[in-house]
Amino acid sequence: MKVAGKRAVNLLVLSSAWFLVGCAISTAPPRSRIAQPNPQVPISYAAVGAKISVPALTRHINRVTAPNFRSTGQGSVKKAGITVCEYSWEVQVSRTPMLVRPIAEGLSVKSTFEIWGRVRGTGRLCKNFRETTQPTGIATVTLSTRPTIDPLYALEPRFDYTWKWERKPAIRLVKVIPIRFGTLAGEAIEKGLRKARDQYNADFKRELNFQSQVRSAWTNLHSTIPVGAEQPIWLSIKPLSLHRSPLKTDTEFARMYVGLRSKNEMVAGTKPADQDVVALPILQNGTAAPGFALTTVARIGYQAAQDAARQQWAGKVERFDRGEIRFIDFRAYQSGTALVIGTKIAARSKIGAAVSGWLYLAGEPYMEGTVLRLRNIRYAANTNNPVVQFAAWLFQENVRSGLEEKLRVDLHDPLKDATDKVNSLPPTSIGGDTALKVQVASIAIGTPVADASDLLIPISAIGEAEAIFTPFEATTSADLNSFEDRSALAQGSGAITQPGIE
């Protein structure tokens with residue numbers, strides 16, 4: 001009777017163990033409250049390229065620069081201190097379209113000026129004499145800009161001009177009285193070019209308020225930035241310094257790169273506090289190459305990890321050669337340098353032995369490419385639990401290896417999805433007529449560290465970011481075409497149309 005009763009108790013335990021909950025199948029590693037040193041990550045660097053469309057700038061310059069201008073005055077011819085002739089003069093200057101071309105650290109604006117003039121005699125000796133330029137003058141004009149940004153971020157366009165005669169205009173009254181008409185025409189050209197230069201410098205300072213935009217962007221960098229769409233993820237940037245590279249130009253764009261050094265942190269879950277805004281640093285000269293190499297420490301809270309594990313594994317069954325395990329719930333915490341994963345399971349062997357409860361596995365987190373894994377997984381049977389002896393197969397090597405293989409998270413697809421989403425976004429407005437375009441080339445993940453409340457994962461991204469300035473885009477190609485219709489000289493034709501002043 002005693003033997004039969006003992007067997008009955010054993011059968012009762014075996015049949016009911018499957019439904020038991022809350023017991024510890026393995027010994028839970030001690031929970032640690034000692035913070036681990038943060039992963040060592042390099043200071044991040046980003047060179048943000050600011051570019052301006054050269055064709056748009058060309059249209060703007062042609063729109064605001066008069067296609068022709070006129071100057072008048074009075075003069076006289078003296079011999080031995082005696083006035084022998086008095087006259088009035090007028091000069092009309094017409095130009096070809098302004099052509100903008102790249103030069104070292106700047107832009108060059110070129111045009112050809114046609115100078116036509118007339119002199120009318122007014123004195124007693126020259127009355128009723130009238131002559132026009134023979135030949136009509138031709139001058140080549142070049143305006144250039146090599147803009148600079150001072151240490152306080154003020155933009156200086158530094159437009160200036162040069163010009164030279166290709167054919168100097170000349171006039172002789174009654175074929176014998178020389179008039180210094182080339183000098184008079186040169187003064188008219190100088191006057192027009194000074195006005196154009198001052199206009200260009202004023203336009204650039206007004207339209208490219210670089211100092212104001214940098215100050216605004218610097219302040220905004222201290223604000224926590226949301227980067228997660230489906231779950232709350234936050235990027236916190238601690239900017240350190242800024243430096244700039246010289247202007248680089250080609251036929252399409254004028255570019256300048258501003259380099260940012262910063263320390264970054266990415267947090268999943270509750271939004272962290274904004275950084276305290278520090279004063280804008282002095283701008284340093286440098287050789288900022290295009291592109292960025294940003295490194296941040298992502299903080300994944302254990303609660304977020306538990307939620308993700310529940311979503312992926314809760315209710316699933318894993319089969320082994322000695323039995324099967326059904327996953328019910330998950331826990332995660334730190335124990336020293338190890339990450340502990342507690343999984344509530346219901347296990348049953350092929351011979352009918354069953355047990356349910358919490359199985360605790362501890363291992364060192366590491367990355368294998370884009371896969372987050374645990375190595376050196378260890379767990380020990382809870383010898384104080386009488387039902388564990390019926391599920392001793394749970395602690396065999398093949399089960400441990402199988403669980404180790406299942407406790408892995410491949411981040412390849414999420415990283416690719418995030419990269420594709422960023423790269424497909426159109427340029428994002430960052431104020432005024434400025435937009436920011438970001439292209440991510442690759443993302444890499446460093447060695448994780450288990451901390452008291454978070455799993456810390458270093459993440460590095462490489463790519464390019466460019467701020468696109470469009471201050472002159474309102475000037476359309478119609479403006480240039482309209483100018484070409486009015487211009488006295490069609491570009492490249494060499495045809496000259498006389499102004500026809502009466």
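Computed values, structure above
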quantity: All positions within the range 164-193 that are outside any strand (DSSP E or B), farther than 15 Å from residue 71 by Cα and among the hydrophobic types (A, V, I, L, M, F, W, C); calculated: 170, 174, 176
quantity: Hits in the range 382-434 (condition: modelled with pLDDT of 70 or more and among the polar types (S, T, N, Q)); calculated: 382, 383, 384, 385, 396, 398, 401, 419, 423, 424
quantity: Residue in the range 75-90 that is surrounded by fewer than 16 Cβ atoms within 10 Å (Cβ to Cβ) and on the phi > 0 side of the Ramachandran plot present; calculated: yes
quantity: Count of the range 316-340 residues which are assigned to a loop (DSSP other than H, G, I, E, B) and within 47 Å of the chain's Cα centre (by Cα); calculated: 3
quantity: Test: residue in the range 341-358 that is assigned to a strand (DSSP E or B) and more than 23 Å from residue 26 (Cα to Cα); calculated: no
quantity: Those residues of the range 243-261 which are under 14 Å from the mean Cα position of the chain (by Cα) and within 21 Å of residue 222 (Cα to Cα), in sequence order; calculated: 257, 258, 259, 260, 261
quantity: Hey, residue 276 at pLDDT 80 or above, over 23 Å from residue 219 (Cβ atoms), open to solvent by 50 Å² or more (accessible area, probe 1.4 Å) and not aliphatic (A, V, I, L, M) or not; calculated: no
quantity: Candidate set: the range 100-130, residues that are of a type in the set (A, V, I, L, M, F, W, C) and under 18 Å from residue 158 (Cα atoms); chosen: the one most open to solvent (accessible area, probe 1.4 Å); calculated: 104
quantity: Residue among 175, 164, 195 that is on the phi < 0 side of the Ramachandran plot, charged (D, E, K, R) and either modelled with pLDDT under 90 or buried (at least 17 other Cβ atoms within 10 Å of the Cβ) (or both); calculated: 195
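For every residue, the table says whether it meets (1) of a type outside the set (Lys, Arg); (2) assigned to a helix (DSSP H, G or I); (3) at pLDDT 80 or above; (4) open to solvent by less than 70 Å² (accessible area, probe 1.4 Å).
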| position | (1), (2), (3), (4) |
| --- | --- |
| 34 | yes, no, no, no |
| 39 | yes, no, no, yes |
| 56 | yes, yes, yes, yes |
| 62 | yes, yes, yes, yes |
| 69 | yes, no, yes, yes |
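The values are calculated or read from the model by the stated rules, or taken from the named source; none is laboratory data. Keep in mind it's a predicted model, so treat the numbers as computed, not measured. Cβ coordinates were reconstructed from backbone atoms using ideal geometry, including for glycine residues, and neighbour counts include every protein chain displayed. Only protein heavy atoms, including side chains, enter the accessible area calculation; ligands, DNA and RNA are left aside. Shrake-Rupley method; radii C 1.70, N 1.55, O 1.52, S 1.80 Å.
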